[in-house]
Structures are given as C-alpha cells and as structure tokens.
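Down below is the structure, laid out as structure tokens.
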Amino acid sequence: MSINDQENNAKDLELENQERRKFFGKTALVGAGVVAAPMTAAMFASTAQANAKEYANTPTVHPGELDEYYGFWSGGQSGEVRIVGIPSMRELMRIPVFNYDSATGWGATNESKAIKGDSAHFLNGDLHHPHMSMTDGRYNGKYLFVNDKANTRVARIRCDIMKTDKILSIPNVQAIHGLRVQKVPYTKYFFCNSEFEIPMNNDGKSSLNDVDSYRSLFTVIDAEKMEIAFQVMVDGNLDNTDADYGGKYFASTCYNSEHGTNLSEMIAAERDHVVVFNLARCEAAVKAGKFKNYNGNNVPVLDGRKGSALTRYIPVPKSPHGINTAPSGKYFVANGKLSPTVSIISIEKLDDLFNDKIKPRDTVVAEPEVGLGPLHTAFDNKGNAYTTLFLDSQIAKWNVEDAIKAHNDESINYIRQKMDVNFQPGHNHTTMGETRDADGKWLVALCKFSKDRFLPVGPLHPENDQLIDISGDEMKLVHDGPAFAEPHDCMMVHRSKIKTKKIWDRNDPFFAGTVARAKKDGINLMTDNKVIRDGKKVRVYMTSIAPTYGMNQFDVNLGDEVTVTITNLDTIEDVTHGFCMTNHGVQMEISPQETSSVTFVADKPGVQWFYCNWFCHALHMEMRGRMLVHA
Ligand code: RUQ
Ligand code: CUA
C-alpha cells in the first residue's frame with residue numbers, strides 16, 4: 001500500500017468513526033433515555049492515536065473501535081460463512097448458506113427455501129472456499145462465491161446485505177471442491193472443481209470395476225446469471241484452482257491422476273499434474289457447438305482430456321493440493337502435499353505452451369523445497385510467499401524470485417523464516433493477498449488441530465485460527481483464535497471495499513416473491529393485518545413494530561396449512577423482530593423493513609402462543625399473540 005493509500009485509509013477511518021459517534025449519540029439519547037456525554041477533544045485525540053497505532057500493526061482493537069479488515073471464514077461442515085473482524089478476530093456475523101439456521105430461520109422460511117431451490121431438502125453442507133468477486137484483479141465488494149462439497153453445489157452471497165441470494169446444484173459431477181473467481185477483466189465467471197470421478201453417464205449401468213469411464217469436470221459458471229456456462233472434462237480428478245491476472249487462464253491441481261479408487265492406488269504415481277484451461281479456446285468451442293451433453297441435461301461439456309487444444313497438463317510432484325496465483329501475476333504456485341516442494345509455473349510461458357512451442361515442464365521455473373506437507377501458499381507485497389506445512393506444523397516464508405534464481409544457483413537461500421504454528425495448518429491467507437492489492441500486513445494460519453492451546457471442551461476440539469503479523473521482517477504470532485468446525489479457508493478484504501445496507505430496501509429481490517404473492521392476495525404489506533382463507537390454506541399477513549405485532553390473535557382449523565407473513569415496519573437499525581410459533585418447529589428473523597414468511601401445519605388443537613424471539617424492546621416479552629386451532 002502506498003503512503004497515499006494509507007493516508008486515504010486513515011481519513012476514511014476517521015470519517016467513519018465520526019459518523020459512528022453521531023449514530024451512537026443519537027441512539028443512546030432516543031433508545032435508552034441516557035444522556036450521552038459529548039465527545040471531548042482529548043477523546044478525539046486518543047481515538048486518532050489508536051488509529052495511528054493500528055497502522056503500526058497492533059492487533060488490539062479497543063472496545064467501540066472498528067476492525068480494519070473484514071475476514072470471510074468458511075464454516076466447513078457447518079455449511080455456513082462467518083464474518084470475522086481483522087485484526088481483532090472477533091466473530092461479527094454468521095451467514096447461513098447450505099445449513100439450517102435456527103436463529104434466522106434460514107432453511108425454514110419461504111424466502112430461503114426459494115433460494116435453496118431444488119436442494120432445499122438438504123439441511124447440511126461442507127463449505128470450503130469463500131472468494132470475493134473482482135474487477136481488474138481487485139476485490140469489488142459485490143459477491144462472495146462458495147462451494148458445497150457435501151451436496152455438489154455452489155452459492156452466491158450478496159455483500160450489501162450479507163445474505164445468500166443464489167444456490168446452484170452442479171450436474172454431471174460429484175463433490176465440488178476448489179472454487180475461485182475470474183480476476184481480470186472482472187468476475188464474469190467463477191469456476192469450480194469436482195473432486196470425485198464418476199461414470200459418464202452415471203446412470204447405474206456401469207459396474208464397480210468399470211473405472212475407465214470415470215471423469216471429473218471443471219465447471220465454469222456465469223457469476224451474474226448464476227448459470228453454468230460450460231464444463232470441461234479432464235483426465236484425473238481436480239482439487240484446487242485459481243485464475244491468472246491476464247483473463248486468459250485458469251489452473252487446477254489434480255491429486256488422483258491414477259484414477260484410483262482406494263488410498264494406495266491414489267498415491268501411487270510420483271507425479272500428478274496441474275491442468276491449465278484456456279478460456280478463449282473453451283468459449284470458442286462452446287460457440288462452435290463442439291460439446292456433448294450427458295446425463296440427460298443440456299449443460300455443454302467440452303472434452304479437455306489430454307491432447308485437447310483446450311487444456312495443457314503440466315506434470316508436478318506428488319498429489320499437489322493448493323494452487324495460488326502470485327499477486328505479481330507472473331506465477332501459479334502449486335503446493336506439493338506429498339512432496340516437500342512447491343512448483344512455480346510461469347504464467348508468461350503459457351502462451352508458448354498452448355502454441356506447442358515448449359513442453360509442459362518448461363513452464364516450471366523452479367521447484368523449491370519448503371518443508372513437509374505444503375498445502376497452500378499466500379503472498380505479501382514484497383515478493384514473499386508463505387506456505388503452510390501440514391506435517392511440519394509450520395509456515396515457511398520464502399522469496400519467490402530468489403527461489404527461481406536458486407534453481408540454477410544452489411548458494412542462494414530463498415527461505416526467509418520458518419515459524420511453528422499450532423498445529424497442522426491447512427489454508428493460510430494474507431490480507432488482500434489474492435489480489436493486486438496484497439498489502440503484507442496480516443497472515444492467518446487455519447490450523448486443523450488445537451490440542452492443548454485452549455481450555456479442554458471434551459473429545460471434540462476447536463480448530464485454531466492464528467493471526468500472524470507479517471509487516472516486519474519476521475513473522476510474529478499475535479493471537480490464537482479457537483473456531484468451530486471447520487474454517488478450511490478464508491479471505492480478508494479491507495473494509496473500504498465493502499458497503500452494506502443498514503436496513504432493508506423494500507424493493508429488495510430477496511423477498512420479492514413474497515411481495516408478489518401478497519399483491520395477488522390484495523395485501524398492502526405496510527399497513528394490512530389480515531387473514532386470507534383459501535380452503536385448507538390460510539395466509540396470515542401482519543406487520544410488526546416494537547413491541548407489538550399488528551395482529552395478536554387469529555384462528556384456523558386443525559390440519560390447515562398456515563403461512564405467516566410478517567413485515568417489520570421499524571426503521572431504526574438493529575431493531576430486528578422474530579416470529580416463533582411455540583411447539584411447531586418454526587422461528588425466523590424479520591429485520592427492519594424486511595418481509596419474512598414461514599409455512600407450517602396447524603396440527604395441534606387449542607391455544608398456541610406465538611412470540612417475538614429477537615430481543616427488540618423493554619416490552620419484548622409481551623410481544624406475543626395467540627393462534628386458536630379449532631378441533
Ligand atoms: S482445501 S486444507 Cu478444501 Cu481448500 Cu486445502
Ligand atoms: Cu419484537 Cu422482540
């Protein structure tokens with residue numbers, strides 16, 4: 001980051017803090033009836049000082065101060081995304097995606113079920129890789145894209161509201177793993193790997209021994225439409241992936257080129273490969289109709305197996321895992337996993353490779369030894385790389401250009417430091433490090449084991465997300481962050497890139513389906529409190545404003561299917577209401593100016609209380625009403 005940028009950021013921070021003081025002053029006066037003390041000059045000065053200190057990379061964020069970065073953490077088998085403040089490592093919010101969420105009603109409300117679509121019946125997910133959309137190789141703050149390995153899906157999160165807005169099941173493949181975005185010129189596509197090979201077609205007609213027909217596909221998805229643009233059939237399986245900074249190439253690692261179906265078969269070969277996809281050639285092949293369809297759907301599948309013009313296979317040692325593009329735009333770094341090396345692939349040489357002027361291995365400009373079990377590599381703004389060593393339980397800091405020089409001159413030492421982490425790191429990530437704006441300030445190591453680092457909590461241990469200061473010559477561990485299952489990956493983006501809404505826009509597409517349904521019922525959601533009876537279907541529309549619902553009683557008949565739709569009329573930020581129908585397995589969130597709805601069967605006779613389950617007011621306990629179910 002240049003001095004100029006830093007000054008701008010400092011100004012940004014100060015402006016934002018002033019805004020927040022105004023806001024806090026107001027709510028303190030209006031909300032709680034407390035007289036807010038005016039900010040004194042000395043208090044302003046101390047805030048400014050605290051901000052200045054942040055730039056010297058202190059991890060301390062004082063109470064009431066804001067973090068400098070948003071961290072987006074994958075929730076692994078929890079199926080969610082978590083927003084974490086960096087450097088405080090405070091968890092700010094959770095975004096339910098593939099999971100069911102009791103607090104917000106994600107997976108229960110009609111709005112979330114519509115977004116989940118054909119997979120609404122799945123209540124689990126295995127979310128590994130959150131990555132933000134970009135423009136010209138820089139985060140643009142618009143979307144976050146994530147994968148679900150468990151149920152072969154991808155999802156999109158809107159960063160203005162921090163809610164999932166699309167979920168897409170991917171056909172023809174099993175287990176979506178690696179996922180990244182096109183960096184340049186903008187995220188027109190994001191793309192993902194299917195890890196497990198399956199028969200093509202997978203129609204139950206092949207035997208368990210018939211593995212020759214098994215394939216993995218690389219899937220390219222239109223980011224705006226959330227539709228599959230095309231898929232590419234490859235040899236071997238696919239693991240992780242990344243894009244170049246030229247808008248031309250995507251690359252994926254493969255760890256099972258053997259086509260094995262058990263462990264020893266999968267790790268037999270000394271070398272597997274990185275597959276490089278040529279985007280322009282793939283797009284042209286789709287246009288020219290050079291694809292096939294499989295499994296009875298009309299997704300275009302291109303043939304990118306060995307020998308195809310669409311791909312190149314670069315042999316690398318042995319079961320490579322992560323692949324990461326250096327922010328210089330010059331290299332892909334493939335991490336060896338079962339080899340103590342990383343393979344540095346020159347992106348500048350890929351044109352020649354695709355024009356058959358050089359051999360695949362000619363693109364590998366160095367294969368430095370970094371330590372045991374290299375999984376993922378992150379980058380700073382000074383030409384250094386940071387590779388997680390799963391087996392050594394370390395981060396290796398090494399210099400990329402020195403590693404390339406050392407390829408021909410063994411006297412050059414490219415390793416800068418090795419630091420113990422606790423323990424067994426998988427991914428690591430630097431602030432802004434997967435973009436042109438890599439700033440070399442913070443590194444997070446996502447450790448899979450915490451062992452004895454925290455108070456014991458039973459046989460299941462937390463993970464340990466460690467915050468490391470990389471702004472100086474030496475990496476310095478500054479914080480241990482216990483985390484629940486399982487932050488595979490994360491990304492950290494400067495807060496200046498993100499603009500969120502503080503209350504809902506009434507025209508938001510998130511609940512537009514519900515608004516349209518209300519309109520058909522002749523309901524004005526902002527004013528009406530009404531029951532519509534449509535045979536066994538009963539639609540209850542009500543408003544809410546702290547501390548009351550617009551309707552506190554209604555009646556239905558036993559066995560009716562009841563849809564309760566609530567519009568929160570409050571316009572004060574943070575005054576979220578809830579709706580819970582006791583003993584019916586139903587609850588949901590309704591934030592200011594939002595409309596939410598939930599459908600259930602009234603299967604119990606008698607009086608059934610409903611209540612607001614989000615603390616909204618001094619009279620929150622009294623915010624309740626009755627449904628009478630006639631037997
Ligand atoms: S992967 S620990 Cu699921 Cu991102 Cu490498
Ligand atoms: Cu409304 Cu609590």
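The values are calculated or read from the model by the stated rules, or taken from the named source; none is laboratory data. Just so it is clear, the structure is predicted and the values come from calculations on it, not from any experiment. Positions of Cβ are backbone-derived with ideal geometry, glycine not excepted, and every protein chain shown enters the neighbour counts. Areas reflect the complete protein model, heavy atoms only, side chains present, ligands, DNA and RNA absent. Shrake-Rupley method; radii C 1.70, N 1.55, O 1.52, S 1.80 Å.
Taking a 30 Å limit on the Cα-Cα distance, which of the listed pairs LYS166/LYS248; LYS205/LYS290; LYS163/LYS382; LYS166/LYS292 fall beyond it? Correct reply: LYS163/LYS382.
If you sort ILE523, ILE415 by accessible surface, 1.4 Å probe, largest first, the order is ILE415, ILE523.
Length gained on full extension, THR60 to ASP210, computed as 0.36 nm times the residue gap minus the Cα-Cα distance: 48.2 nm. Of the whole protein surface, TRP504 contributes about 20 Å² of accessible area at a 1.4 Å probe radius. Here the Karplus relation 6.51 cos²θ - 1.76 cosθ + 1.60, evaluated at θ = phi - 60°, turns the backbone of region 190-200 into coupling constants of 10, 9, 8, 9, 9, 7, 9, 7, 9, x, 10 Hz, with x for every Gly and Pro. Taking every protein chain into account, the accessible area of region 560-628 amounts to 40 square angstrom per residue (probe 1.4 Å).
Show that you can apply the helix-only estimate: for the chain, add -39,500 (n - 2.57) for every DSSP H stretch of four or more residues, divide by all residues, and state [θ] at 222 nm to the nearest 500. That comes out to -4000 deg cm²/dmol. Taking Cα atoms only, the orientation of helix 3-32 departs from the longest principal axis of the chain by about 20 degrees. Annotation: extensible slack from LYS604 through ALA280 equals 110.6 nm (criterion: 0.36 nm per residue apart, minus Cα-Cα distance). Could you tell me the distance between the Cα centroids of region 315-338 and region 235-263, to the nearest Å? First find each Cα centre; the distance between them is then 10 Å. Using the structure shown, list the pairs from LYS330/LYS501; LYS183/LYS306; LYS149/LYS306 with a Cα-Cα distance above 30 Å, or answer none. Going by Cα-Cα distance, LYS330/LYS501 fall outside the 30 Å limit. Listed values for region 534-551 are Karplus-derived 3J(HN,Hα) couplings in whole Hz (6.51 cos²θ - 1.76 cosθ + 1.60, θ = phi - 60°), namely 9, x, 7, 9, 10, 10, 9, 10, 8, 9, 9, 8, 3, x, 9, 7, x, 9, and x replaces Gly and Pro.
Take every DSSP beta bridge with both residues inside the chain and express the antiparallel ones as a percent of the total, to the nearest 5. Antiparallel: roughly 90 percent of the beta bridges in the chain. Applying the Karplus relation 6.51 cos²θ - 1.76 cosθ + 1.60 with θ = phi - 60° to region 213-218 yields 3J(HN,Hα) values of 8, 6, 9, 10, 10, 8 Hz, where x marks Gly and Pro. When the accessible area of region 357-469 is split by element with a 1.4 Å probe, what percent falls to carbon and sulfur? The value for region 357-469 is 54 percent carbon and sulfur by accessible area. Per residue, region 81-225 exposes 34 Å² of solvent-accessible protein surface, assessed with a 1.4 angstrom probe and all protein chains in place. In degrees, nearest 10, range 0 to 90: what is the angle between the Cα axis of helix 41-55 and the longest Cα principal axis of the chain? Long axis of 41-55 versus the principal axis of the chain: about 30 degrees. Annotation: extensible slack from ASP528 through LEU455 equals 21.0 nm (criterion: 0.36 nm per residue apart, minus Cα-Cα distance). With a simple spin-label model that places each label point 7 Å from the Cα along the Cα-to-Cβ direction, the separation between SER264 and ILE572 comes to 7.0 nm. Once both labels are positioned 7 Å from their Cα atoms along Cα-to-Cβ, the gap between ILE415 and ALA120 label points is 5.6 nm.
Counted by Cβ distance under 15 Å from ALA602, the other residues give a net charge of +1, where Lys and Arg count +1 and Asp and Glu count -1. Here region 538-584 has 43 percent of its accessible surface on carbon and sulfur atoms, given a 1.4 Å probe and all protein chains in place. Looking at region 266-391, the accessible area is 39 square angstrom per residue; that uses a 1.4 Å probe and ignores ligands, DNA and RNA. Using a simple spin-label model with pseudo-atoms 7 Å out from Cα toward Cβ, ASN293 and ASN557 lie 4.6 nm apart.
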